[in-house]
Amino acid sequence: MKQEDEMSLNLLFLHGLGCGGDTISMLNAEQPDIVSFFRGVGVKLLWHHTLSVKEGSKVTDLFRDILDGKIQLDILLLEGAVPAERNSHSLGGRSFTRWCMDLANVSEYTVAMGTCASFGGIPAVRGNTTGATGLQFEKEVSGGLLGSDYRSRAGLPVINLPGCPAHPDWVLETLHLIANGKLSETDLNDVNMPLHFYNSLAHHGCPRNEFYEFKSSAREYGQMGCLFEFLGCRGTQCESDCNNRLWLGRTGSCTRGGFPCIACTSKDFPHEGSRFFETELIGDVPKFLPRDVPKAWYIGITGLSKMATPERLKANAVSPHRIHTPKNRKGD
Ligand code: SF4
Ligand code: SF4
């Protein structure tokens, strides 16, 4: 454990338009917890909007000291979207939006925590009366508050950690990679999400995979079957490692809890014009198909799968618990 005077990585949080859920999620980190993590890695928390005692002019004095170069800013971490400057509240005579831009321009690394800070998220839905945007993207469009060409002092774009909320590991492991100089632009995908967390799908590792393969689907919540065909699961379309990493003490995930993945890490979350918890169909075919699966293949494979579905899976899929166990076929 490092002592206070050995803390070498200055971290500043800002909170834009958002619910604060990313902070709550980060505080749920258990392996390690956030205090042990900060001490172990040598993170010095300059200020956090709800965890710090400092308020008012003491905070804006801190911001000014950073801009004046009296205090080095190693990591700027934003949760929540950023409003257009004309709609922004003021802190010490300067708009929150302007503080975000100015502090990002002197920070070694800039990190967007959660979907709102990354892509605008819920505050940027249709109408968007506040002019909300993510730090470097608005939905799938590059630009956002800081512009496509923005690079932090270390030469990286904004590191996007979408999720509603972001998993605590996604945040703390990113800080750990930064602290050890192990995060470069080649470690990010096309919208600057670290591949370390976002190079698989939420579907991978879901315990309902056998049901998915045979298109044995739950019809109602509380049943064991796959949630894709009728109940709106987008785990096959959503980049995250939720079902391998797991949440809440590494015990659960959305689909393990019986809840469909609503693709909260996606650029276009919350998917305006679409419904959660219900699979939209065109004819009999889901409107949103699994990544990498052409429609014709999906239709063909689904037909074959349904012909081959074991009775065990058909029955278990619509049951709240397993009622049939695997058995050999007669004659085997
Ligand atoms: S419930 Fe969703 S994540 Fe799980 S197997 Fe079905 S489609 Fe995949
Ligand atoms: S399973 Fe899907 S909806 Fe749930 S947290 Fe992961 S990405 Fe978000």
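Computed quantities for the displayed model
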| item | result |
| --- | --- |
| Mean projected area in nm² (Cα convex hull; one quarter of hull surface) for the chain | 19.9 nm² |
| For the chain, calculated [θ]222 nm from helices alone, where every DSSP H run of n ≥ 4 adds -39500 (n - 2.57) | -7500 deg cm²/dmol |
| Cut-off under 5 Å, modelled amide H: who pairs with Asn10 long-range | Lys44, Asp74, Ile75 |
| Kirkwood Rh in Å, taken over all unlike Cα pairs in the range 132-197 | 12.4 Å |
| Partnerless cysteines, meaning none of the other Cys C-beta atoms lie under 4.7 Å away, in the chain | Cys19, Cys100, Cys116, Cys206, Cys226, Cys233, Cys238, Cys242, Cys254, Cys261 |
| Residues Lys295 and Lys182, FRET efficiency given R0 of 30 Å [Cβ-Cβ distance, rounded to 0.05] | 0.15 |
| Segments 68-80, 243-255, 279-291, 170-182 sorted - mean Cβ within 10 Å per residue, highest first | 68-80, 170-182, 243-255, 279-291 |
| Between 0 and 90°, nearest 10: helix 57-67 axis offset from the chain longest Cα axis | 90 degrees |
| Most to least packed among 49-58, 91-100, 13-22 [average Cβ atoms within 10 Å] | 13-22, 91-100, 49-58 |
| Calculated on alpha-carbon atoms, Rg and Dmax of the range 152-236 in Å | 17.1, 52 |
| Relative packing of peptides 199-207, 310-318 - highest average C-beta neighbours within 10 Å first | 199-207, 310-318 |
| Links that overshoot a 30 Å alpha carbon limit, given the list Lys182/Lys287; Lys139/Lys295; Lys54/Lys267; Lys70/Lys182; Lys267/Lys314; Lys139/Lys314 | Lys182/Lys287; Lys54/Lys267; Lys267/Lys314; Lys139/Lys314 |
| Efficiency of FRET between Glu272 and His196 - r from beta-carbon atoms, R0 22 angstrom, step 0.05 | 0.15 |
| Length-normalised contact order of the chain in % [C-alpha pairs under 8 Å, at least 6 apart] | 14 percent |
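Each value in this text was obtained by applying a stated rule to the coordinates, not by laboratory testing. Every value quoted in this text rests on a predicted model; they were computed, and no experiment measured them. Cβ: placed from backbone, ideal geometry, glycine included. Neighbour counts: every protein chain shown.
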